[in-house]
1. Report yes if Pro157 is part of a strand (DSSP E or B) and open to solvent by 40 Å² or more (accessible area, probe 1.4 Å), otherwise no.
2. For the range 55-79, which residues satisfy the criterion of being open to solvent by less than 40 Å² (accessible area, probe 1.4 Å), more than 15 Å from the chain's Cα centre (by Cα) and within 16 Å of the ligand (Cβ to nearest atom)?
3. Taking Ala202 as the residue in question, decide whether it is outside any helix (DSSP H, G or I), open to solvent by 10 Å² or more (accessible area, probe 1.4 Å) and more than 24 Å from Val74 (Cβ to Cβ).
4. Report those strands (runs of 3 or more DSSP E) wholly inside the range 27-99 carrying at least 1 residues which are more than 21 Å from Met156 (Cβ to Cβ).
5. Would you confirm whether any residue within the range 132-141 is within 26 Å of Ala58 (Cα to Cα) and not in a helix (DSSP H, G or I)?
6. Which residue is nearest to Glu103 (Cα to Cα), if the candidates are limited to the range 178-192 and must be open to solvent by 30 Å² or more (accessible area, probe 1.4 Å) and assigned to a helix (DSSP H, G or I)?
7. Looking only at the range 120-143, which residues are more than 7 Å from the ligand (Cβ to nearest atom) and not aliphatic (A, V, I, L, M)?
8. Give the residue, chosen from Gln167, Gln147, that is touching a residue at least 60 places away in the same chain (Cβ under 8 Å), within 16 Å of the ligand (Cβ to nearest atom) and open to solvent by 50 Å² or more (accessible area, probe 1.4 Å).
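The values are calculated or read from the model by the stated rules, or taken from the named source; none is laboratory data. Note that the structure is a prediction, hence the values are computed from the model and not measured. Cβ atoms come from the backbone with ideal geometry, glycine included; neighbour counts cover every protein chain shown. Note: areas computed on protein heavy atoms with side chains; ligands, DNA, RNA excluded. Shrake-Rupley method; radii C 1.70, N 1.55, O 1.52, S 1.80 Å.
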Amino acid sequence: FPAASGRVFADPPAMAHAASTMIAEYAAMRLTQQDYFRIVLAGGTTFALTYQLLSRTAADWSRWRFYFGDERCVPPDDPARNSQLAWTTWLRPAGIDPRQVFEIPAELGAVAGAAAYTPDVIAALPFDLVLLGMGEDGHTASVFPGQISLADQLVMPVTHAPKPPPQRVTLTPAALCNAAWVLILVTGDSKRAAVAAWRDGAALPVAQIAAGSRSSVWCDEAALGNAI
Ligand code: 6PG
């Protein structure tokens with residue numbers, strides 16, 4: 001468990017304030033040296049407060065380009081869609097132009113959606129920042145334990161995800177690790193078992209990505225439990 005790059009927070013709000021501040025400052029710094037800031041957004045719910053805080057940040061979003069780590073194969077307006085969380089909590093409130101947002105066309109289906117998104121990812125690599133949550137089984141994005149991606153795959157279909165819905169499109173570890181910085185947030189006691197397994201060296205997808213990238217792993221005390 002990468003304690004060196006880890007931070008522990010008392011609760012999710014404290015983590016979200018630190019994450020939103022760090023993300024905004026990091027982007028501003030990168031944008032003094034380059035034209036665009038390319039960020040991959042996490043699905044799930046862990047990042048919701050971080051996204052809300054970022055939407056209230058007085059940042060110049062015009063040179064940000066938004067991507068997604070994974071998407072569920074549901075209609076674009078379905079509330080279960082990962083991009084919906086980002087639009088509702090951050091992108092729409094911040095007035096971000098949809099042309100800056102590269103959504104995964106997962107409504108095409110897992111295989112067609114992965115094929116359609118691959119050129120966008122190729123054009124974007126390396127990312128400046130990848131945001132990731134972690135599931136209770138140690139999955140991240142929609143890379144689930146035991147799932148194999150081909151060496152040169154950057155975006156892959158998922159057809160039997162253990163976390164519903166079963167059909168998804170996900171960036172592979174190769175794409176998710178191809179970033180200047182990867183920030184992984186883990187909160188809540190439901191993640192405690194996966195965090196403990198990670199600390200014990202389990203080959204979890206999130207552990208593979210953290211080990212294979214310039215990553216920061218931030219947990220709250222509930223997720224760390226007695227491992228503190
Ligand atoms: C998804 C997400 C997934 C998520 C984790 C954590 O489609 O479910 O991409 O990787 O980040 O499962 O989910 P929570 O943040 O809701 O705990």
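1. Spelling it out, Pro157 is indeed part of a strand (DSSP E or B) and open to solvent by 40 Å² or more (accessible area, probe 1.4 Å).
2. Cys73, Val74
3. For Ala202, the condition - outside any helix (DSSP H, G or I), open to solvent by 10 Å² or more (accessible area, probe 1.4 Å) and more than 24 Å from Val74 (Cβ to Cβ) - is met.
4. The qualifying strands (runs of 3 or more DSSP E) are 37-41, 64-68.
5. Scanning the range 132-141, I find at least one residue that is within 26 Å of Ala58 (Cα to Cα) and not in a helix (DSSP H, G or I), so the answer is yes.
6. The extreme case among them is Ser190.
7. Hits for the range 120-143 are Asp120, Pro126, Phe127, Asp128, Glu136, Asp137, Gly138.
8. Gln167
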